[in-house]
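Report on the structure given below.
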Amino acid sequence: MFAFILRRFLSSLVVLGFVVSLTFLLSISQKGGPFEREKLTAAAKAEREKNAELDGPKWWQLQRYVKRLLRGDLNVSLRYQNLSVAEVLGQKLPNSLILGGSAFVIAAVGGVAMGFVAAMRKDSGLDVASMFVALAAISIPSFITGPLFVALFGLKLGWLPIGGFGTIPQLIMPSICLALPFLAYVARLTRNSLLDVKSQNYMRTAKAKGLDDATALARHAMKVAILPVITYMGPMAAYVLTGSFVVESVFNISGLGMVFVNAIQNTDPFLLTGAVVVYSALLVFFNFVVDVLYTFLDKRIQLHA
Amino acid sequence: MPDAVATPNRWTGTPPNGWQVLRRNRVAVLCFWYLVVVALAAIVVPVFLPAEVKMVSESSYVPPSWCEGGISRHLLGTDVNGQDLFYRLLTGARVSLGVGLVAALVSLVIGGTYGMISGYAGGRVDGGMMRLVDILNSVPSLLFVMIFIAAFDGYFTDALDGLRLWGQREHWGWVEAWAGAMIPYKRIFLLVLSLGFIQWLTMARIVRGQVLVLKELAFVTASRAMGQKGWSIIWKHLWPNLSTIVLTYLTLTIPAVIRDESFLSFLGLGIEDPAASWGSLLKDGAQVINPLDSKWWLLAFPAGLMSTSLLALNFLGDGLRDAFDPRSSD
């Protein structure tokens with residue numbers, strides 16, 4: 001077990017290192033470099049590049065950046081005056097974590113519940129209707145539902161606030177908007193996986209013992225049927241993360257997504273790479289947790305260390 | 001001849017093939033025709049629209065023609081620059097559907113080859129290749145697309161401009177004209193390439209799974225025994241057996257690509273003016289929502305057309321999957 005965890009941890013570190021290097025190299029290879037748009041003289045540009053440690057060959061720049069990174073220093077932002085990347089990210093990260101976290105919980109809990117109900121009443125009107133709605137929700141991305149929600153619930157009906165962030169009512173619309181497609185996907189996954197398990201022999205045994213449908217499904221089938229859902233949690237975290245870009249932009253939430261998009265548009269390589277470092281670290285950690293969780297839950301898996 | 005007396009409860013017909021199953025699926029057929037209509041309209045209708053509709057005009061924010069203040073010339077109203085929304089929606093559909101289709105084909109080439117090699121090689125190679133797919137699946141690949149597009153946008157514009165100037169110098173009028181006309185649409189190329197490059201993972205997994213099963217079947221062993229080489233077995237025996245399942249997942253990749261492309265355009269990192277896509281139209285629509293003076297048509301029509309098309313593509317893909325890949329469940 002320990003060897004397995006160690007191996008996964010090391011391979012995660014390799015992935016992280018690769019992702020960060022690629023991001024940094026791409027973000028400094030824009031045409032003319034990050035200071036191109038400032039219309040500086042050649043000498044002034046060279047001076048600024050030297051100060052920002054963005055002069056010389058690209059490999060050398062990367063090397064210096066990685067050295068800083070290993071010391072835990074994310075360098076300074078080129079656009080936010082006098083702010084270090086760590087400070088900018090520290091301000092925005094909590095908002096994104098609250099939004100992403102609540103969307104994730106809504107998607108996971110709501111999706112499993114919806115899938116469970118649909119599987120229990122297979123082929124009923126409820127099942128057909130909920131799966132139709134689920135496919136619709138998967139198809140329609142959050143940049144359509146977002147503005148429509150704002151226009152309908154925010155402006156027309158006036159039920160929910162459309163701006164600001166921090167209170168629970170302000171959180172409802174963005175997090176539901178972000179969660180919807182994933183909720184739908186999890187619901188379909190849960191339903192199909194439950195139906196697969198339902199036809200197993202031990203389910204018949206459970207019923208023969210006298211368990212009713214709901215208890216049999218919840219106690220016996222769910223243990224196995226939840227596994228594909230857990231596998232999906234890793235990629236889902238990645239999608240929720242990128243999905244939050246649009247939601248942050250629609251609902252004017254000042255989070256990490258907006259920092260990322262602005263850093264791309266303003267050619268701010270250190271801030272951009274810093275955001276990617278935070279994102280990938282979160283994801284790697286999450287996937288790692290999912291992996292370990294999975295091996296605990298699925299007794300059939302043998303760990304090959 | 002004992003077989004001639006068929007027992008009444010034995011079904012003697014041929015088993016239904018996938019196409020018959022598909023044709024009986026009303027929703028999928030309906031979605032197919034809807035998509036055909038949208039695609040044809042996007043290709044044909046803009047050709048017949050009068051030239052003055054296609055240009056920027058003074059009349060900005062004209063509501064749809066049946067509303068108060070609407071003009072009959074602008075069927076679905078106009079945007080901030082006085083451009084006709086109907087025309088923009090159709091050209092946007094061209095871009096979105098085109099990018100979706102071509103990028104899905106790119107993903108098919110990459111994912112198909114990768115999955116085929118992985119499945120056919122088997123063993124350690126397969127294990128390693130699939131582990132890579134798992135890793136890539138958990139990387140937020142859209143982030144890379146954004147960074148990639150930002151990084152290479154400038155170089156690509158230069159390349160097209162260089163091509164234009166080269167055409168000018170060599171007196172190759174069509175090269176000059178083509179390159180010049182392509183510059184506003186340059187991001188499309190980058191989008192197609194990069195989105196195709198991140199969407200191949202599912203395709204690789206599906207193809208690999210099928211190849212794993214197929215390569216153990218008797219006809220593959222037989223052709224190997226007759227001395228056929230690996231590549232020709234793949235091409236002649238495995239590929240034809242994969243075509244329907246590949247078609248299924250191709251259909252499901254298209255809406256995924258369209259969604260990603262519109263996502264990028266919505267954030268201002270994809271298609272830019274004067275070119276339009278559904279995402280950039282939605283962005284324009286979302287920017288003008290306000291409580292006082294609603295420009296609802298700029299949001300409602302792009303949202304409607306885009307979500308119905310995506311729905312249709314997904315329903316069609318689902319129908320194809322039910323028909324050709326009945327064992328799979330999501």
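Numbers at a glance
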item: Candidates B:Ser138, B:Ser96 - the one that is within 30 Å of B:Ser59 (Cα to Cα), within 13 Å of another protein chain (Cβ to nearest Cβ) and not aromatic (Phe, Trp, Tyr); result: B:Ser96
item: Residue tally, condition within 14 Å of chain B (Cβ to nearest Cβ), over 22 Å from the mean Cα position of the chain (by Cα) and over 21 Å from A:Ile144 (Cβ atoms), over segment A:159-215; result: 9
item: Residue satisfying condition, being at pLDDT below 85 and either within 14 Å of another protein chain (Cβ to nearest Cβ) or surrounded by fewer than 19 Cβ atoms within 10 Å (Cβ to Cβ) (or both), within set B:Asp318, B:Asp260, B:Asp330; result: B:Asp330
item: Test: residue in segment A:181-193 that is open to solvent by 60 Å² or more (accessible area, probe 1.4 Å) and of a type in the set (Lys, Arg); result: no
item: Residue satisfying condition, being exposed (fewer than 13 other Cβ atoms within 10 Å of the Cβ) and part of a helix (DSSP H, G or I), within set B:Thr251, B:Thr221, B:Thr244, B:Thr202; result: B:Thr221
item: Residue within segment A:208-222 that is open to solvent by 40 Å² or more (accessible area, probe 1.4 Å), in contact with a His (Cβ under 7 Å, 6 or more places away or on another chain) and without any contact (Cβ under 8 Å) to a residue 24 or more places away in the chain present; result: no
item: Selection from segment A:30-60 of residues that are buried (at least 17 other Cβ atoms within 10 Å of the Cβ) and touching a Lys or Arg at 6+ places or on another chain (Cβ under 7 Å); result: A:Phe35
item: Of all residues making up segment A:132-148, the number that are more than 7 Å from chain B (Cβ to nearest Cβ), surrounded by fewer than 22 Cβ atoms within 10 Å (Cβ to Cβ) and not small (Gly, Ala, Ser); result: 2
item: Residue within segment B:274-295 that is within 16 Å of B:Val145 (Cβ to Cβ) and at the interface with chain A (Cβ under 9 Å from one of its Cβ atoms) present; result: yes
item: Boolean, A:Ala218 is away from chain B (no Cβ under 12 Å) and part of a helix (DSSP H, G or I); result: yes
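Matching residues to (1) in a helix (DSSP H, G or I); (2) among the acidic types (Asp, Glu); (3) open to solvent by 40 Å² or more (accessible area, probe 1.4 Å); (4) closer than 25 Å to A:Val14 by Cα:
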{"site": "B:Val109", "(1), (2), (3), (4)": "yes, no, yes, no"}
{"site": "B:Gly112", "(1), (2), (3), (4)": "yes, no, no, no"}
{"site": "B:Ser118", "(1), (2), (3), (4)": "yes, no, no, yes"}
{"site": "B:Arg124", "(1), (2), (3), (4)": "yes, no, yes, yes"}
{"site": "B:Arg131", "(1), (2), (3), (4)": "yes, no, yes, yes"}
{"site": "B:Leu136", "(1), (2), (3), (4)": "yes, no, yes, yes"}
{"site": "B:Val139", "(1), (2), (3), (4)": "no, no, no, yes"}
{"site": "B:Leu142", "(1), (2), (3), (4)": "yes, no, no, yes"}
{"site": "B:Tyr155", "(1), (2), (3), (4)": "yes, no, yes, no"}
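The values are calculated or read from the model by the stated rules, or taken from the named source; none is laboratory data. This structure is a prediction, so every number in the text was calculated from the model and none was measured. Glycine gets a Cβ as well: all are built from the backbone with ideal geometry, and neighbour counts include every protein chain shown. Just the protein is used for accessible areas: all its heavy atoms, side chains included, with ligands, DNA and RNA removed. Shrake-Rupley method; radii C 1.70, N 1.55, O 1.52, S 1.80 Å.
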